[in-house]
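Peer 1: Below you will find the structure I want to go over with you.
The values are calculated or read from the model by the stated rules, or taken from the named source; none is laboratory data. Keep in mind it's a predicted model, so treat the numbers as computed, not measured. Don't worry about glycine lacking a Cβ; one is built from the backbone with ideal geometry, like all the others, and counts go over all protein chains shown. Only protein heavy atoms, including side chains, enter the accessible area calculation; ligands, DNA and RNA are left aside. Shrake-Rupley method; radii C 1.70, N 1.55, O 1.52, S 1.80 Å.
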Amino acid sequence: MSFGYANGRKIFNNLNFSMEKGDRIGLIGPNGAGKTTLLHLIMGLLKPDSGEIEIFGKVRKEDRDFTEVRQRIGLLFQDSDDQLFCPTVEEDIAFGPLNLGKTHEDARIIVRETCEKLGLNGYEKKITNRLSEGEKRLVALATVVAMHPECYLLDEPATGLDEKTTQRLLNYLRENTHTYIIITHDLGFLKNVAEKMYVLSDSFIKEL
Amino acid sequence: MHLEEFAEGNSFFHRLDPRVKFITIIPYIFVIAFMKGLNGPVLSLIISLVMIAFTGISIKKLLSRLVVVNAFVLLLWIFLPFSYSGTEVFQIGHLKATREGFLQVLSITLKTNAIVIATIAILGTSEVFSLAHALVHLKVPDKLVYLFFFFYRYISVLHEEYIRLKRTMTIRAFKARTSIHTYKTYAYLIGMLIVRSYDRSQRIYKAMLCRGFKGKFPIISHFHLTIADLCFGFLMTLITVLIAIISKNG
């Protein structure tokens, strides 16, 4: 697959990448190498100039094709303020499940379970934009977790988090998820969560 | 930036159902706005003051808001007395200040303050998100509500962005002067804010797409009317009708 931005910046030139169920992948690379771009391409937020994206055994081209992908793969954004836009934590977490057609009762149960899993009990009624950075990150993760994705794409999840919050994140990833790609600059963190490491640079991706 | 300082508290007004608040305050405001003479405005100002007293909002904070409003009213005090014909009070050159003019501007001042104080007491004591919710429940068009809500949700993020940019200017020894350099810098600052907010809006939209957004916002929590809400609604309606009658009969 190849991809370049409209401003002429070429990011990928015949990039080849595949992952399987159960892969715990760490993705590193210099700034501007296209790590975030890769995740956005997988989610169908950007479209490749040439080449093919195949997810869950089907080639994905149109926005329509990605609806299913977005339900089964969860993307955590770099900036939590981008991800949290509902007034309260509860509503932000319920937004995805309700969009998937869950009833209010079910959504409420999902909110409660998700909060329990991430240690966010008692946060349900809090106002999202008054949370601290670390809390925002965990709530943003909760909004992704609430959709019960089979695969997670985490864009620098540990950046700016203190040790305790990072530990909570780590515990969650180890115990509750099986398949993910994590982008990070923190090699120490990566060693704890990734079984495979890839480096992305100069439009090439290679396993370490 | 703290936009909801009045919403913190636990008075009777803070606990009222925002739907009832909207339904009762709108006629109240309209009745005040269309009043003539002085009796009605004085009476409604007293009622508004009684309401604000119940909220426990600090007088200092309230005054700081009223100063802004009354700065505009002050302009009216300069122009209006001269633009009505009637009994002359004093004269500057060819301009005659009239008693009718002064009464008119006094009435406007009283009405403005009555409306602002009532709005702070009734709407200001609810958090913006619950007001937005109430608007959805009252069948206000979704797009308007979301516009209002997103504006509120991201204005503080934008403000932080502005402060960050301003700081980077300050640490590089920027001082505002009357010079092309200053204007240019401010133009860059505003341009940068626009570019960044556009980028952010794109990222937020993408994040919403990832979570299955199809153009509708589901609402999870609902309001429940209490006896207090009904009493307040009844009382406010009664007051509104009464002041309407009183001001009409002079």
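Peer 1: Considering only residues that are open to solvent by 50 Å² or more (accessible area, probe 1.4 Å) and touching a Phe, Trp or Tyr at 6+ places or on another chain (Cβ under 9 Å), which ones fall in region B:138-149?
Peer 2: Matches in region B:138-149: B:LEU138 only.
Peer 1: While we're looking at this one, here's another question. Are any residues in region A:48-79 out of contact with any Leu (no Cβ under 8 Å at 6 or more places or on another chain) and buried (at least 16 other Cβ atoms within 10 Å of the Cβ), and if so, which ones?
Peer 2: A:ILE55, A:ARG60, A:PHE66, A:VAL69, A:PHE77, A:GLN78, A:ASP79
Peer 1: Filter region A:164-196 down to the residues that are surrounded by fewer than 16 Cβ atoms within 10 Å (Cβ to Cβ) and within 17 Å of A:GLY34 (Cβ to Cβ) and list them by number.
Peer 2: A:HIS185
Peer 1: If you scan region B:84-123, which residues turn out to be touching a Phe, Trp or Tyr at 6+ places or on another chain (Cβ under 7 Å), of a type in the set (Val, Ile, Thr) and farther than 22 Å from B:PHE34 by Cβ?
Peer 2: B:VAL89, B:THR98
Peer 1: Would you mind finding the one in A:LYS21, A:LYS10, A:LYS35 that is of a type in the set (D, E, K, R) and buried (at least 16 other Cβ atoms within 10 Å of the Cβ)?
Peer 2: After applying the criteria, what remains is A:LYS35.
Peer 1: Still on this structure, I have one more. Give all pairs with beta carbons closer than 8 Å in which a residue from region B:145-171 that is within 11 Å of chain A (Cβ to nearest Cβ) and under 30 Å from B:HIS181 (Cβ atoms) meets a residue that is at pLDDT below 80 and part of a helix (DSSP H, G or I); count only pairs at least 6 apart in sequence or on separate chains.
Peer 2: Short answer, once both residue conditions are applied: B:SER156/A:ASN129; B:VAL157/A:ASN129.
Here's the yes/no breakdown for (1) surrounded by 14 or more Cβ atoms within 10 Å (Cβ to Cβ); (2) over 30 Å from A:LYS126 (Cα atoms); (3) among the polar types (S, T, N, Q):
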residue	(1), (2), (3)
B:THR24	yes, no, yes
B:GLY40	yes, yes, no
B:LEU45	yes, yes, no
B:LEU49	yes, yes, no
B:LYS60	no, no, no
B:ASN70	yes, yes, yes
B:TYR84	yes, yes, no
B:PHE90	no, yes, no
B:GLY93	no, yes, no
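Peer 1: Within region B:159-170, is there a residue that is under 30 Å from A:LEU41 (Cβ atoms), crowded, with 16+ Cβ neighbours inside 10 Å and more than 28 Å from the chain's Cα centre (by Cα)?
Peer 2: No.
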